[in-house]
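Comments concern the structure below.
The values are calculated or read from the model by the stated rules, or taken from the named source; none is laboratory data. Remember, predicted model here, so these are calculated numbers, not experimental data. Counting neighbours? That spans all protein chains shown, and the Cβs are built from the backbone with ideal geometry, glycine included.
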Amino acid sequence: MTLTGLDQILDFIQKGKTYCVVGSSGVGKSTLINNLLKKNVLKTGQISLSTNKGRHTTDHRELFVLENGGIIIDTPGMKELGMTDNTAGIETTFQEIYNISSNCKFPDCKHINETGCAVIDALNNGTIDKDSHDNYQKIQKEQERFQTTVSEKRKKDKVFGKMIKNYYKDNKNKF
């Protein structure tokens, strides 16, 4: 590990602002914070010889104030980072696509290959950037996955609730 770039990170961090370090387990979040603090206050692990990767060591969130007054939070590693339900954020981020989509032939247009899709027309004539459209599509898929996951969880909770209710109903004389 080198300390290259550490000064640029410290210059970026502003007094009174809070920054959260997130990422996969073992990537060096705690090591980075130790270096920003200029002292070893967080437990870190060695690089595994067999996988050449760091090992998970952080098991809680912890907040630190840097010498310059910036605030930094160490977090445990995560396996997945995903979208939550934030339609307004998607509309703001992809305002151009959202505005053009109001001209689509069908209100439920997915902007993939539908006939009469104003977004695809704009993509084809260069009004919309291909990378922007690709990112929009990725976020839409992630949003659909999130919605499905929430729906599945509600369904499972409902089934579990009915099971508990029936159990108590069937065994009410035993309690």
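State yes or no: is Phe106 of a type in the set (Phe, Trp, Tyr) and not in a helix (DSSP H, G or I)?
Values: of a type in the set (Phe, Trp, Tyr): yes; not in a helix (DSSP H, G or I): yes.
In short, yes.
Return the total of residues in the stretch 42-67 being surrounded by 12 or more Cβ atoms within 10 Å (Cβ to Cβ) and at pLDDT 65 or above.
The qualifying residues number 8.
Provide a single number: the residues in the stretch 113-149 that are under 24 Å from the mean Cα position of the chain (by Cα) and among the hydrophobic types (A, V, I, L, M, F, W, C).
2
Within the set of pairs 6+ apart or on separate chains, which have a first residue in the stretch 1-22 that is surrounded by 10 or more Cβ atoms within 10 Å (Cβ to Cβ), a second that is part of a loop (DSSP other than H, G, I, E, B) and among the polar types (S, T, N, Q), and C-beta atoms under 6 Å apart?
Filtered contacts from the stretch 1-22: Lys15/Asn68; Val22/Thr75.
Which of the residues spanning the stretch 105-158 are in contact with a helix residue (DSSP H, G or I) (Cβ under 8 Å, 6 or more places away or on another chain) and of a type in the set (Phe, Trp, Tyr)?
Within the stretch 105-158, just Tyr136 meets the criteria.
Restricting to the stretch 73-111, count the residues that are among the acidic types (Asp, Glu) and at pLDDT 80 or above. Please lay out each step first, then the result.
First, pick out the residues of the stretch 73-111 that are among the acidic types (Asp, Glu): 74, 80, 85, 91, 96, 108.
Those left that are additionally at pLDDT 80 or above: 74, 91, 96, 108.
Residues in the stretch 73-111 being among the acidic types (Asp, Glu) and at pLDDT 80 or above: 4 in total.
Taking into account only those residues within the stretch 8-33 that are modelled with pLDDT of 90 or more and assigned to a helix (DSSP H, G or I), which is farthest from Val65 (Cα to Cα)?
Among them, the one singled out is Gln8.
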